[in-house]
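Participant: Once you've had a glance at the structure underneath, I'll fire off some questions.
The values are calculated or read from the model by the stated rules, or taken from the named source; none is laboratory data. Please read all numbers here as calculations on a predicted model, not as lab measurements. With ideal geometry, Cβ positions are generated from the backbone for all residues, glycine too; neighbour counts draw on all protein chains shown.
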Amino acid sequence: MPFRPVRLALLNALVLLLCVCTACATRKSATQTEEPKEELSAEEKSREAWEERVTDSSWWVTGEYFSQKDHSDAVNLNEWFEGRKELEAKQEDTEERLAKLEKAVGEGQVIPPAAPTPVPAAPSRRESSQGLRLKVALVVLPEVYEAAADMKGRLLQAVSRQFGQRPQLLLVGPQEVEDILIQQGLVVTPANTADIARALGIYPAARLVLFVDKLALLTGPEGVNGRLDYSIVDGFSGRSVAGGQETGSAASGPEGKGKLLEDLMGQLAQAVENKAAQHEWLSRVAMVEGKTVYLCAGEASGLKPGDVLAVYGPGKEIIHPIAKVSMGFQPGPYKGQIKVVKLFGGDSAEAVLVAGEGKIEGNDLVTLPNKAD
């Protein structure tokens, strides 16, 4: 009887040992049925061998272990203390300045405000004083040619002569305008004059776009009477800025018609000149390649190598939210100044940035800088 507890204890130990052996065998069997692992890389094999060597050693924490361990995520105590010292120095300086300020306020002293950091202001734009020519694109509606098909050649000649007598204007003729619009897929109709004007305001960067809307030459018993309807649109906004009608008369016959056309074109050119005097000179950046800025203006516009121009963002048309009418064209932010270095083509130029840090892009506005710059 005294040995019964001992026998029971031995029996329980034997049962426990059998359970452990069964579990180990089951685990080993399950492990053997698992899919083979992927082949390890040379680096992974080396690291695994090192970890096994460290694990199998009689001690875990050794100098060799820590010398071989990757400490890339560890804290550099030297850097930490240096940063701490710098932070404490800044804090002491701030507390010292606050103490002086509190003392001055307590004694009733007036503390002058700190001088603001100077920010370069955008130069105000001004009218041309360098002999630059304001570009005007002429668009003749198809109805005009249909009404005066026999006078088309004389009409174009009269336009060229009359605008050629005004050196402050640079006329982009109807044929060149037609080619540009064809490339852009725009058809000339009275309904899309704003789109046409904005397209010509981008290239060839026409400041104003003149539309010849109607031309009538009527022969009567006393001679030939003529009437010309026109409209002037801002090329940079698409806004209509002027419009009107010019009339005249001349003797009958081909010579009379030719003289009448000349007179009407003269009146039209004078109306454009008057309106152009109210608009400052503007052009566009065509594109930018590296440090070279290509301009939609050059020799024909009056630019010369060495000329300095100011650059602004493309800008936008401001529309009244309730009336839904245009309030005017607002240029974008000031970007800097460029200097013309080379002229090429009929009216194009290369320039480089000489002042400012703004990122110049295609379609940016180009104008004359302020006199003070």
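Conditions tested, residue by residue: (1) within 45 Å of the chain's Cα centre (by Cα); (2) part of a helix (DSSP H, G or I); (3) crowded, with 17+ Cβ neighbours inside 10 Å.
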residue	(1), (2), (3)
255	no, yes, no
260	no, yes, yes
264	yes, yes, yes
269	yes, yes, yes
274	yes, yes, no
286	yes, no, yes
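Participant: Name the single residue that is farthest from the chain's Cα centre (by Cα) among those in the range 301-314 being among the small types (Gly, Ala, Ser) and under 13 Å from residue 283 (Cβ atoms). Steps first, answer last, please.
Facilitator: Initially, the range 301-314 is screened for residues among the small types (Gly, Ala, Ser), giving 301-302, 306, 310, 313.
Filter again for under 13 Å from residue 283 (Cβ atoms), leaving 301-302, 310.
Working: 301: 25, 302: 26, 310: 16 Å.
So, considering only residues that are among the small types (Gly, Ala, Ser) and under 13 Å from residue 283 (Cβ atoms), the one farthest from the chain's Cα centre (by Cα) is 302.
Participant: Still on this structure, I have one more. Any residue in the range 148-170 that is touching a residue at least 24 places away in the same chain (Cβ under 8 Å) and outside the structural domain of residue 303 (by TED's automatic domain parsing) sitting within a Cβ distance under 9 Å of a residue that is among the basic types (Lys, Arg) and part of a helix (DSSP H, G or I)? List the pairs, counting only those 6 or more apart or interchain.
Facilitator: So the pair list comes out as 148/154; 148/257; 151/257; 154/257.
Participant: Could I ask something else about it? Going by the conditions given, is residue 207 without any contact (Cβ under 8 Å) to a residue 60 or more places away in the chain and in the same structural domain as residue 174 (by TED's automatic domain parsing)?
Facilitator: Considered against the rule, which asks whether it is without any contact (Cβ under 8 Å) to a residue 60 or more places away in the chain and in the same structural domain as residue 174 (by TED's automatic domain parsing), residue 207 comes out as no.
Participant: With the structure loaded, tell me whether residue 147 is more than 25 Å from residue 279 (Cα to Cα) and either modelled with pLDDT under 90 or not aromatic (Phe, Trp, Tyr) (or both) or whether it fails that test.
Facilitator: yes
Participant: Another question about this same structure. Quick one: is residue 231 over 30 Å from the mean Cα position of the chain (by Cα), assigned to a loop (DSSP other than H, G, I, E, B) and either among the acidic types (Asp, Glu) or not assigned by TED's automatic domain parsing to the domain that holds residue 319 (or both)?
Facilitator: No; evaluated as a whole, the condition is false for this residue.
Participant: From the list 299, 350, 317, pick out the single residue that is touching a residue at least 60 places away in the same chain (Cβ under 8 Å) and surrounded by 12 or more Cβ atoms within 10 Å (Cβ to Cβ).
Facilitator: Testing whether each residue is touching a residue at least 60 places away in the same chain (Cβ under 8 Å) and surrounded by 12 or more Cβ atoms within 10 Å (Cβ to Cβ) leaves just 317.
Participant: Now for a different question. Is one or more of the residues making up the range 149-162 closer than 30 Å to residue 312 by Cα and not β-branched (Val, Ile, Thr)? Step through it out loud before you land on a result.
Facilitator: Taking the range 149-162 and keeping what is closer than 30 Å to residue 312 by Cα, we get none.
No, because not a single residue in the range 149-162 is closer than 30 Å to residue 312 by Cα and not β-branched (Val, Ile, Thr).
Participant: Could you run through the range 308-336 and say how many residues are over 20 Å from residue 204 (Cα atoms) and in a loop (DSSP other than H, G, I, E, B)?
Facilitator: So the count comes out to 7.
Participant: Taking interchain pairs and intrachain pairs at least six residues apart, which have beta carbon atoms under 8 angstrom, with the first residue in the range 212-223 and among the basic types (Lys, Arg) and the second surrounded by 10 or more Cβ atoms within 10 Å (Cβ to Cβ) and part of a loop (DSSP other than H, G, I, E, B)?
Facilitator: Close Cβ pairs (under 8 Å, with a partner that is surrounded by 10 or more Cβ atoms within 10 Å (Cβ to Cβ) and part of a loop (DSSP other than H, G, I, E, B)) amount to 214/141.
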